[in-house]
Structures are given as structure tokens and as C-alpha cells.
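This report refers to the structure that appears directly beneath it.
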Ligand code: GLN
């Protein structure tokens, strides 16, 4: 057989056009750079403190009890029941665990499975910008045309007219992430109602990623779009164990959706991954029954970390956009006089020993994020202290 080159075809041309349209994750790359430079990693959002003892014990017990083969493809019954009970307890929404839940390998897979279950060629999907970087490749892989609506600092509100203009006959869905990564915005009921009215008018779905639902500050209230009148039937709610129980490496997440949509998501999910790790699903079922005090403490602990991190960053010369939820701080880096965010992020990781995520990775046009950097504060006191020490070497322009 001839080598492709001999036939005049470049090796690249044999690869998927879709895969060539996006780059590797900048967030994950920053973690690799942090390791290479022995830097304090404030880039990728994963806790560096232990997961709750009870969830770890439940996982050990499940493995010992030989729950080591495939769970039902759309999720172990115990976990689906626990998800339904938690949603009813905390959101007052009744869901049918037999027909409305698909357990996936993390919220990441829940999102791509949902998109692949909904999207046809020519469909448009609206996302707020800055956006969590996965949504870009998710759109490309599922074949959707993304449309972006800006969230503007300092309070990250959107312009209702801009939102209205983004909707049209081709709109299939809008992606919401509340509390929001990277901005820390928590969408208010009135904002979600505006979204609802447009979705009604154009018959569009709402795909909502609520993985940071339990990290709320300054009196912010989490409004789950599916609980807003008129949205239940057109909403797919995505969540996971990862952030709420500090087990990002377990890869257990889920999508809640009306039965018809769930059937499509389940089929895509089954052929993509078959299922999430069976013993970890059992451990998840235990965790989802934790008492309310667990969630109160989680949020209170994160509030302390947020305030500490705001102090550290402001001391070092960053202008911070104070987050009302999630565990990131978006900052303005103008005071340091660097040409752009990527140059500054590389300097920080190599010379100062701190890894952060360049703002441009949250925007379609790099220039829009070139004066921003995202720091995570889901870190132990020791890590935050080390960051403060390292920042003392940083100088303003
Ligand atoms: N959501 C986290 C972040 O934004 C990490 C996501 C990931 O790397 N899978 O940093």
C-alpha cells in the first residue's frame, strides 16, 4: 500500500476536519505546565484537599461488595433515585428516575451527549461569553453553529437586545452555566425569565450546567432554570458529583431531561461510553443523601477561600471581578503591562511559580480576553498561603 504522501495526500488531510477546528484544552495544558515548573496550580478547577471521608468509605465498600461490573447504562438505580430525591428536597422539582435521568462520565460527557442528542446540521446554539472552554468543541463535535452573547464586567450582565437578536428560527438551544465559570455570575430569576420567553417564542431548549450550585456568596440564590415556570419541558439540567463532593477525578455526572429527550441522550451516552464507574455511582448515591449541613459548610468554607483569594490577588495588583458563585476569580491584568494574557500567564508560571488560565481561552476572539486571567480558589489554606508568598515577587508595570 502506498503511503498517503506518495498519493499526494498530506497526512493531516486524512484526519477529521472537526478535530482540526479546535485546540487542546488550555486549562488542562496549564495544569501540565504547573507540574513542569513546580508552580502553585491555580488554573484547573479541582480541589487539592481531601474528599469527605464518607464518600471515600462508600466507594471502598462498593468495590469490596463486588459492584465491579457495568451498571445499567443510564445509571445505577440507587444513584438515580438519590438524584431525584435530592432535586425534590432542594429544588422542589419532582423527576422520574426511570425516565428522566441519564448518568454519564462527568458533566463533560453529559453535555456532549445532550448536544449530540439534540443537534441537526444547521442548528444554532447560543452560549454566553466568556464561556467554559468545553462548549466550543462541544458545538463543533455535535455540528452546531455557536452564537455568542456577551456577559460584560464588572457584574457580567447581558444586554437583553443582544440576547433577543441571537435567537431565530435556527436556534435549537441556549447553554447556561449558573453559577458561572469563569465569571462567578449567578443568573437571576428575571434573567432566566427573559431567556424563557425567547425559548418559548423560538421553541428552543435550555441546557443548563449547574455543577457549582452549592458555591454561593453574598446572598446569591441559585435558580435552577427547570424550576422556572414554563421551562421544565424544555430544559436539560446537567450536574455531577465532581465539585459538590470534591471528587473531580471520579467522572460521575448526569443529565436530567423530559422523557423524550432523555431517551435520545441515553442512546448517545450508551454508545459513547456505556456507563460511568459502577462502584463510584454507588458512593455517589450515599453522598447525595448527606444532610443539609454538608452543603452549608461547603459554601461557608468556599466563602472563606474566596475572600482570602480576593485579598491575595488585590494585594498583588490584580483588579478582581468579585464572584457571587462557583470557585473562580476573573481578573483584569492591565496593571502589569504585559502584551497579552498568554504571555503574562507563561511569565507567571515560569518566573513567579503560579499557574492561572489565560482569559482568551474563554472567548471566541482571543483579543476579547487578552487583558484577563482566571484564578481558582478551590485550594487548601496551605496552597493559598504559598500563592501569596510567590506573588510577593510580582511587580506592577
Ligand atoms: N471545570 C474545571 C475548570 O474550568 C476543570 C474542568 C476540566 O478540566 N475538566 O477548570
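Throughout, read-outs are computed from the coordinates displayed, never taken from laboratory work. What you see is a predicted model; the values in this text were computed from it and never measured. Every residue, glycine among them, receives a Cβ derived from its backbone with ideal geometry; neighbour counts consider all protein chains shown.
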Spin-label pair residue 299/residue 57, simplified geometry with 7 Å Cα→Cβ offset, distance in nm: 2.6
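Residue separation times 0.36 nm, minus the C-alpha to C-alpha distance between residue 193 and residue 381: what's the value?
63.8 nm
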Net length gained if the chain between residue 272 and residue 65 were fully extended (0.36 nm per residue, minus Cα distance): 71.8 nm
Relative packing of 276-283, 291-298, which averages over residues the other C-beta atoms within 10 Å, highest first: 276-283, 291-298
Bridge type composition, the chain - antiparallel percent by DSSP, nearest 5: 50
Extension reserve of the residue 389-residue 150 stretch, reckoned as 0.36 nm per residue once the Cα distance is removed: 82.5 nm
Contact order normalised by residue count of the range 77-211, Cα under 8 Å, 6+ apart, percent: 20
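Compute the FRET efficiency between residue 14 and residue 365 as 1/(1 + (r/R0)^6), taking r as their Cβ-Cβ distance and R0 = 30 Å, and round to the nearest 0.05. Numbers along the way, then the final one.
Values: r = 30 Å, r/R0 = 1.00.
Working from the Cβ atoms, E equals 0.50.
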Theoretical FRET efficiency, 1/(1+(r/R0)^6), r = Cβ-Cβ of residue 23 and residue 351, R0 22 Å, to 0.05: 0.35
